[in-house]
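Q: Below is the structure I would like to discuss, written out as structure tokens.
The values are calculated or read from the model by the stated rules, or taken from the named source; none is laboratory data. Source: prediction; values computed, not measured. FYI the Cβ positions are ideal-geometry reconstructions off the backbone, even for glycines, and counts take in every protein chain you see. For the accessible areas, the whole protein counts, side chains as well, though only heavy atoms, and no ligand, DNA or RNA atoms are used. Shrake-Rupley method; radii C 1.70, N 1.55, O 1.52, S 1.80 Å.
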Amino acid sequence: MTSNAGKTVEEILKGKKASVKQVALPKGSPSWDDILGELWEDITRGAKRRHPGYKTIRKLLSDPEYDK
């Protein structure tokens, strides 16, 4: 999804419903507060490297269900 390219997690979350942060993340995941400054590309890279929670976070950030 290129619409998130170059954006930080914090910027992406501004366009999402607050409920996206209520979804339970897998054990070992960073908290939302820990990744606010990370770029979309960092999240994608973390997901590809199978870092705990990054696949789920990437899915939530790109899911139109949580769009405002």
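Q: With the other protein chains left in place, how much accessible area per residue, in square angstrom, belongs to the chain at a 1.4 angstrom probe?
A: That works out to 65 Å² per residue.
Q: Next question. In the chain, carbon and sulfur make up what percent of the accessible area (probe 1.4 Å)?
A: Within the chain, the accessible surface is 50 percent carbon and sulfur.
Q: Right, here's the next one. Count neighbours as other Cβ atoms within 10 Å of each site's Cβ, and list the trypsin sites (Lys or Arg not before Pro) in the stretch 24-59 that are DSSP loop with at most 14 such neighbours.
A: Passing both the DSSP loop test and the Cβ count: K27, R49, R50.
Q: Placing one identical point scatterer on every Cα of the chain and ignoring solvent, what is log10 I(q)/I(0) from the Debye formula at q = 0.12, 0.20, 0.21, 0.25 Å⁻¹?
A: Here log10 of I(q) over I(0) equals -0.25, -0.74, -0.82, -1.21.
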